[in-house]
Amino acid sequence: MSLRFWLTTLALVQLLHSSNAFVANKKRQNTIELGRIGAKPEDENEQDYSEMEQYQDPNSRLSAYIRKKARYYHRPTLHAHDCIDIHVSAGLYQVVELDQRNNLATLSAYFDVWWFDKFLPWNATDFDGITLTFVPAKWVWKPEFYLYHSIQGRTPEYAADATAEIRSDGRVRMFIPITSRALCPINVKYFPFDTQNCSFYVSHSPKNQSAYG
C-alpha cells in the first residue's frame with residue numbers, strides 16, 4: 001500500500017514539473033511575440049539599400065540609391081517656388097497621313113527631353129566611377145506636355161516600360177514617342193514641286209502653368 005502511494009506521489013510531482021515547464025515556455029513565447037508586435041518596423045528602403053551597399057555590384061547599388069532619392073510625386077526642386085527648365089527637341093519618324101481636303105496631317109514623331117532633378121546627383125567615386133545610368137521612368141518625376149495645334153493626341157503619354165537616362169549631375173533625359181493629328185494648311189499649286197510647312201507648338205500642360213520655367 002505504501003509503495004503504491006509513493007509511486008502515485010512521484011507521478012504527480014513529475015506532472016507538476018512538466019506543467020510548470022510548459023507554462024514557463026508559453027510565457028516566454030508570448031513575451032517574444034508581444035515584443036515583435038510592439039517593435040518598431042524597419043525602414044524597408046533603408047534595409048534594401050544597406051544590403052545593396054554591402055553585397056551588390058556598383059550598378060545595383062547606384063540603382064538602389066536613385067530609387068531611394070527619387071521623388072516621382074512632386075517637382076524635383078529644393079524650394080517650392082523654383083522653376084524647372086525643360087529642354088525639348090523634336091524629331092519626325094514619318095508622315096502617317098496627309099489629308100489634303102481637310103488640311104490635316106497625322107505624324108509619328110518623338111520628343112527628346114531633358115531637365116535637372118535636384119534630388120538625383122551622386123558622387124561617381126562612390127560607385128566605381130559610374131557617371132551615367134538608366135532606370136525605369138516610373139521612378140522619377142516627369143514633365144507633362146500639351147500640343148496646342150493638335151486635334152488628337154494633345155497630351156503625349158509616357159510608356160509604362162519607358163526608361164530614363166540619368167547623369168551623375170542630376171540631368172534626366174527621356175525620349176517620348178508621339179502620334180499627333182494636327183491642322184496643317186496644304187497648298188498643292190506647284191505639285192509635285194511644292195513644299196509644305198506645318199507648325200506645331202508644344203508647352204507644359206495648362207493645369208501646371210506655374211511648374212516650369
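The values are calculated or read from the model by the stated rules, or taken from the named source; none is laboratory data. Not measured: the values here are computed from a predicted model. Positions of Cβ are backbone-derived with ideal geometry, glycine not excepted, and every protein chain shown enters the neighbour counts.
Figures for the structure shown
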item	result
Residue ranges of strands (runs of 3 or more DSSP E) in the range 95-204 with at least 2 members at pLDDT 85 or above	104-116, 132-136, 163-167, 171-183
Any hit, the range 67-89, residues being among the aromatic types (Phe, Trp, Tyr) and surrounded by 15 or more Cβ atoms within 10 Å (Cβ to Cβ)	no
Of all residues making up the range 141-177, the number that are in contact with a helix residue (DSSP H, G or I) (Cβ under 8 Å, 6 or more places away or on another chain), among the hydrophobic types (A, V, I, L, M, F, W, C) and farther than 28 Å from Gln94 by Cα	1
Where Ala211 falls short, out of the listed (1) out of contact with any strand residue (DSSP E or B) (no Cβ under 6 Å at 6 or more places or on another chain); (2) surrounded by 12 or more Cβ atoms within 10 Å (Cβ to Cβ); (3) among the aliphatic types (A, V, I, L, M); (4) at pLDDT 80 or above	(4)
